[in-house]
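Okay, so here's the structure we're looking at.
The values are calculated or read from the model by the stated rules, or taken from the named source; none is laboratory data. Values in this document were obtained by computation on a predicted structure and should not be read as measured data. Neighbour counts run over all protein chains shown; Cβ positions are idealised from the backbone, glycine included.
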Amino acid sequence: MVDLNKKVQYVKNVGPNRVKLLNKLNINTLYDLITYFPRNYEDRGVAKRLSDCIDGEEVLIKAKAITKVTEIFARKLKMYRLIVRDGETPLTITWFNQSYLKNIFKLGHTYNFYGKIEIKSGKYEMKSPIFDESGENKNTGKIIPIYPLTYGISQNTIRKIIENGINEVYENIEETLPEYILDKYKLMNINDAIKKIHFPENKSDFIRARYRLVFEELLGFQLALLRLRENYKYEEKGIEFNKDVKISDIINTLPFNLTKAQLRVLEEIDRDMESSKPMNRLLQGDVGSGKTIVSILASYKAVKSGYQVAILAPTAILASQHLENFQKTLDSFGIKSELLISSITKKKKQELKERLANGEIDILIGTHAMLEEDVIFKNLGLVVTDEQHRFGVKQRAKIASKGNNPDVIVMSATPIPRTLALILYGDLDISIIDELPPNRKKVDTFAVGKELEERLNNFVAKQIDEGRQCYIVCPLVEENEELDLKSVTELAEKLKTEAFSKYKVEYLHGKMKPKEKDEIMLKFKNGEIDILISTTVIEVGVDVPNANIMVIENAERFGLAQLHQLRGRVGRGEYKSYCILKYMSRSKEVKERMQIMCATNDGFLISEKDLELRGSGDFFGTAQHRNSRNENSKFI
């Protein structure tokens, strides 16, 4: 059998230079390489007639060269232009700074071109397409996998390296599923599945390969969850919180009414807390559904029963926001809440840790700083993890280990259909807040094309002039050679100097240091920034009631559930709020997805539609997936 742990450096076409780039993509071994799945595919196999194309469509065109390549000087660029003909319809093709093309194309020869069609005044154009001479089929004439990249490595290079890796292992990978499972569910064998998920010859190959790999991953996942559930049965006895401490006592003091969904979930949590079995519960609710107040009320019961509470948040600014909410509700009951984040002084940290160990602090709210060994609770009884997808299982377990079988609540604002939640969180009981408070304002959502950009900018400026603030979200941090998307830094510079030069514009992205991100978000919250340009790091962030506009660039690059999460950043104050989805693609699927977002604010409905449209293929090719592979499954 082949050694899947072999260093990727020794795969053909890698070597010492490219290995560093592959390591950046978390590809360290031969196993990592062959399981680095495509994030998408391009069908370059079936040619389309120009007359049948629509503007903005990416297509394969088979056409004859009717001119030679001509060189044109435009500012600092050299343009190379070729005219080809598909039947009676001419197509003008342009490349930039690629002088070698002058000697490639021959008059009268037929070539395949794959790229985006632009139709201007009835004339067809294509910029920088991928091409082959007819019959070659190196880059066209087949289904091509598209991989997540890092700067310095191209799609062609990574495809070739992965192909070499697969050629090295094909027919030598040990089967991981028993024969009867393969037969019963008509599954492709592991060798063919690995090969065809990367290089399918047709759509059927891809579907069967994906089905096999998803089946194995979910089977391994379920077996691991069953093992966890079995372990729970033999755990030591959990905490039985005081039945005489009534959550209803604090509910009656709140300045607002809880929804029926919140009351139902509180009953489930109250029942768990009073039982001898350790609580492990997923609290799921749409953005703005009121999960935080549920965690505050559960914390009240824990503290009044004689225990401490740990609230783990993904960012310092969100932790600070939680502290405000906890103190506002619980201070009058004599409950002391404190904040532990990395930015507080060493002296204050030490003093806080001493008070925590002495039991003088009832509720500790913090970030990863709470996971340090010297953070010791006197009597930890309840752990609440906010935005659970930002924390791994080990981190959840580490904070829980600071108590003696404490109850655990895991909160998520990412709506997941119940059936999928049962698969992903089979080790947890599930509570769902499926109702929004009556005072929650609906966010009006609009999907617009590039042609409405100026009108949109004028609308944003008008809102800012009236005292509001705006988020603009980009899918990338740096320019990607293969995708026509504006990076955060580039877009920020453009807007600062052009459309919004008279406003205060700042940017935020995941590569910034945590302290920098917190400072920017705090300035935005305090109204010192008019427009915040950001990646999805603001998906989980601080409430800014004054921000009432969310503009999402290249919205087609996001899943529906993620678009809904981003939209949830606005509509948190008294002002009418808007979400503007800017999209470039003209495809039917993109338009359908945009229509869903405009038609509903129901996160659970959106997540179901997202699952229908995107399918389980979204499990592949993402950093989150690759970093959380199930250890019980040899592949995936």
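Miscellaneous remarks
- Residue list for the stretch 131-146, restricted to those being within 21 Å of LYS203 (Cα to Cα) and touching a residue at least 40 places away in the same chain (Cβ under 8 Å): ASN139, THR140, GLY141, LYS142, ILE143, ILE144, PRO145, ILE146
- Candidates SER501, SER431 - the one that is among the polar types (S, T, N, Q), at pLDDT 80 or above and assigned to a strand (DSSP E or B): SER431
- Residue within the stretch 134-155 that is surrounded by 15 or more Cβ atoms within 10 Å (Cβ to Cβ) and farther than 30 Å from TYR36 by Cβ present: yes
- Selection of the stretch 222-248 for residues being at pLDDT 90 or above and acidic (Asp, Glu) yields GLU240, ASP244.
- Here the stretch 278-332 is the region considered, the condition is being part of a strand (DSSP E or B) and of a type in the set (A, V, I, L, M), and the residue that is farthest from SER412 (Cα to Cα) is VAL309.
- Unmet criterion (only one of (1) touching a residue at least 40 places away in the same chain (Cβ under 8 Å); (2) surrounded by 12 or more Cβ atoms within 10 Å (Cβ to Cβ)) for ASN189: (1)
- Pairs linking a residue in the stretch 79-102 that is without any contact (Cβ under 8 Å) to a residue 24 or more places away in the chain to a residue that is acidic (Asp, Glu) and part of a strand (DSSP E or B), with Cβ atoms under 9 Å and 6 or more positions apart or on different chains, are MET79/GLU71; TYR80/GLU71; ARG81/GLU71.
- LEU605 being in contact with a Phe, Trp or Tyr (Cβ under 8 Å, 6 or more places away or on another chain) and outside any loop (DSSP other than H, G, I, E, B): no
- Only a single criterion out of (1) over 23 Å from TYR31 (Cα atoms); (2) in contact with a helix residue (DSSP H, G or I) (Cβ under 7 Å, 6 or more places away or on another chain) is not satisfied by THR253, namely (2).
- Members of the stretch 404-427 found to be modelled with pLDDT of 75 or more and out of contact with any Gly (no Cβ under 6 Å at 6 or more places or on another chain), listed by number: ASN404, ASP407, VAL408, ILE409, VAL410, MET411, SER412, ALA413
- Any hit, the stretch 345-355, residues being more than 24 Å from ASN404 (Cα to Cα) and touching a Gly at 6+ places or on another chain (Cβ under 7 Å): no
- Qualifying strands (runs of 3 or more DSSP E) (wholly inside the stretch 44-96; at least 1 residues being modelled with pLDDT of 85 or more and among the polar types (S, T, N, Q)): 70-74, 89-96
- Subset of the stretch 271-301 that is among the charged types (D, E, K, R), surrounded by 19 or more Cβ atoms within 10 Å (Cβ to Cβ) and over 18 Å from LEU436 (Cβ atoms) - its residue that is modelled with the lowest pLDDT: ARG281
- Members of the stretch 130-177 that are of a type in the set (Phe, Trp, Tyr) and more than 30 Å from the chain's Cα centre (by Cα): PHE131, TYR170
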